[in-house]
Amino acid sequence: MTTIAQAQPNIALIKYWGKRDHGENLPAVSSLSVTLQTLWTRMSVEFRDEDGPDTLRVNDGDAPAMLTRVSHCLDLVSGPGRRRANVVSHSNFPIGAGLASSASAFAALVVAADKESGGCRERIDLARLAGASSGSAARSLFGGFVELTAGEDRIDVMTICESPDWPLEVVVAITAEGPKPVGSGEAMIRGERTSPFYSAWLERQDDDLAAAREAVIGQDFEKLAAVAEHNCLKMHSVMWSSRPPIVFWNDSTLSCMETIRALQSDGHPVFFTIDAGPQVKAVCLPEAAAVVTDALAQTAGVIDTMRSSLGPGARPVESS
Ligand code: 2P0
């Protein structure tokens, strides 16, 4: 039997940056994200009674670097004594480029592997398993606005507002293609060890999270915009002040931020956020989505734009 599951990437408005425990991959800070609708990863998992290693195909190519993480994740879900797995992954957006492809990939993987092994775990248990492989993946098990609480020895994850209740739109501006120079995990370790701003980042995260949660519950767009931009720039300040520094932005990243500032000056409800990569995500109210998409598409250096509403959490889509 083969099971296929689908998950969408999520975009953090209050960021996860830093780990409490590297072995268990536990985040040092809580975070808040929105799960997207239009971008997706579909993962198929098939367990076979054969000898030999697991196989992994990603967008029709081999992915040896990813295979170890995938095999470890399958061991967590289906047990180390599990049968050999054939895994196939397809994404309809650039992977490894700061668009949260590991979030959608591992969220879809745990759902497919659980179903393929005959399991029917609770969503929160699947989120914890996904998070052990990729911290942000835990959030893609849930739809809409999602809060992840970083506890001492485990995470909690829940939807705090369903997508139909506050239907924001996200416009992604692709400013560079190809993989990023430093992976998120390595970049976080560097920040923890060397940035003089890291302790301040940890100290203020709960305040930012509380403000963002209040803004979401109250559907206060201006308040959410202010705290999300602040939190994003603070995370990048930790990266910039790491040694050696980590700068994911390019000229076009800055141009997109200027475009969004100009839209804000004209009264359009939009704000930016940027993750571990050069792409810019503009979050806006639905009535602004068309003008935001046009403005970003015309910004210097923008290769492509993708627009998405908010969507559901990871789920099985097919079994055969
Ligand atoms: C986030 N990012 O909250 C932050 C913002 C990137 C910038 O979570 O090491 O690939 O696998 O747990 O999940 C990207 O980190 O990191 C990330 P690991 P992951 O979305």
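At a glance:
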{"read-out": "Selection count where residues are in contact with a helix residue (DSSP H, G or I) (Cβ under 8 Å, 6 or more places away or on another chain), in a loop (DSSP other than H, G, I, E, B) and under 18 Å from P9 (Cα atoms), scope the range 276-311", "value": "4"}
{"read-out": "Matching entry among G79, G96 (being free of Cβ contacts under 8 Å to residues at least 60 places away in the same chain, at positive phi and not hydrophobic (A, V, I, L, M, F, W, C))", "value": "G79"}
{"read-out": "Residues satisfying the stated conditions in the range 64-105, i.e. over 21 Å from I174 (Cβ atoms), in contact with a strand residue (DSSP E or B) (Cβ under 8 Å, 6 or more places away or on another chain) and buried (at least 20 other Cβ atoms within 10 Å of the Cβ)", "value": "V70, L74, S78, A85, V87"}
{"read-out": "Selection status of I189, in contact (Cβ under 8 Å) with a residue 60 or more places away in the chain and of a type outside the set (D, E)", "value": "yes"}
{"read-out": "Qualifying position, being more than 14 Å from the ligand (Cβ to nearest atom), at pLDDT 95 or above and not aliphatic (A, V, I, L, M), among W40, W17", "value": "W40"}
{"read-out": "First in the range 218-231 and touching a residue at least 60 places away in the same chain (Cβ under 8 Å), second anywhere and open to solvent by 20 Å² or more (accessible area, probe 1.4 Å), Cβ under 7 Å, 6 or more apart", "value": "F221/P269; F221/L285; V227/A211"}
{"read-out": "Candidate set: the range 119-131, residues that are hydrophobic (A, V, I, L, M, F, W, C) and out of contact with any helix residue (DSSP H, G or I) (no Cβ under 6 Å at 6 or more places or on another chain); chosen: the one least open to solvent (accessible area, probe 1.4 Å)", "value": "I124"}
{"read-out": "Odd one out for K180 among (1) open to solvent by 30 Å² or more (accessible area, probe 1.4 Å); (2) more than 20 Å from G277 (Cβ to Cβ); (3) touching a residue at least 60 places away in the same chain (Cβ under 8 Å); (4) within 14 Å of the ligand (Cβ to nearest atom)", "value": "(2)"}
{"read-out": "Top-ranked residue in the range 137-161 [being among the charged types (D, E, K, R) and touching a helix residue (DSSP H, G or I) at 6+ places or on another chain (Cβ under 8 Å); ranked as surrounded by the most Cβ atoms within 10 Å (Cβ to Cβ)]", "value": "R139"}
{"read-out": "For C284: the one exception among (1) away from the ligand (no atom under 16 Å from the Cβ); (2) surrounded by fewer than 21 Cβ atoms within 10 Å (Cβ to Cβ)", "value": "(2)"}
{"read-out": "Those strands (runs of 3 or more DSSP E) lying entirely in the range 106-190 with at least 3 residues modelled with pLDDT of 95 or more and within 13 Å of the chain's Cα centre (by Cα)", "value": "145-150"}
{"read-out": "Cross-chain or 6+ apart pairs with Cβ under 9 Å, the range 145-166 first and farther than 13 Å from G135 by Cα, then in a strand (DSSP E or B) and open to solvent by 100 Å² or more (accessible area, probe 1.4 Å)", "value": "V146/M158"}
{"read-out": "Single residue of the range 17-43 satisfying the filter (touching a His at 6+ places or on another chain (Cβ under 9 Å) and in a strand (DSSP E or B)) that is surrounded by the fewest Cβ atoms within 10 Å (Cβ to Cβ)", "value": "R42"}
{"read-out": "Top-ranked residue in the range 222-242 [being within 21 Å of E162 (Cα to Cα) and more than 21 Å from the chain's Cα centre (by Cα); ranked as surrounded by the fewest Cβ atoms within 10 Å (Cβ to Cβ)]", "value": "E222"}
{"read-out": "Count of residues meeting criterion [within 16 Å of the ligand (Cβ to nearest atom) and over 20 Å from K223 (Cα atoms)] in the range 246-274", "value": "5"}
{"read-out": "In the range 243-279, residue nearest to A289 (Cα to Cα) [restricted to those that are open to solvent by 10 Å² or more (accessible area, probe 1.4 Å) and aromatic (F, W, Y)]", "value": "W249"}
{"read-out": "Test: residue in the range 133-141 that is more than 12 Å from the ligand (Cβ to nearest atom) and either within 30 Å of N92 (Cα to Cα) or touching a residue at least 40 places away in the same chain (Cβ under 8 Å) (or both)", "value": "yes"}
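Every residue, every condition in (1) at negative phi; (2) within 11 Å of the ligand (Cβ to nearest atom); (3) surrounded by fewer than 20 Cβ atoms within 10 Å (Cβ to Cβ); (4) in contact (Cβ under 8 Å) with a residue 12 or more places away in the chain, yes or no:
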| position | (1), (2), (3), (4) |
| --- | --- |
| T2 | yes, no, yes, yes |
| A7 | yes, no, no, yes |
| V45 | yes, no, no, yes |
| R57 | yes, no, yes, yes |
| D62 | yes, no, yes, no |
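The values are calculated or read from the model by the stated rules, or taken from the named source; none is laboratory data. Computed from a prediction, not measured in an experiment: that's the story for all the values here. Heads up, the Cβs are rebuilt from the backbone with ideal geometry, glycines too, and the neighbour counts pull from every protein chain shown. Surface accessibility is based on the protein's heavy atoms, side chains included, excluding ligands, DNA and RNA. Shrake-Rupley method; radii C 1.70, N 1.55, O 1.52, S 1.80 Å.
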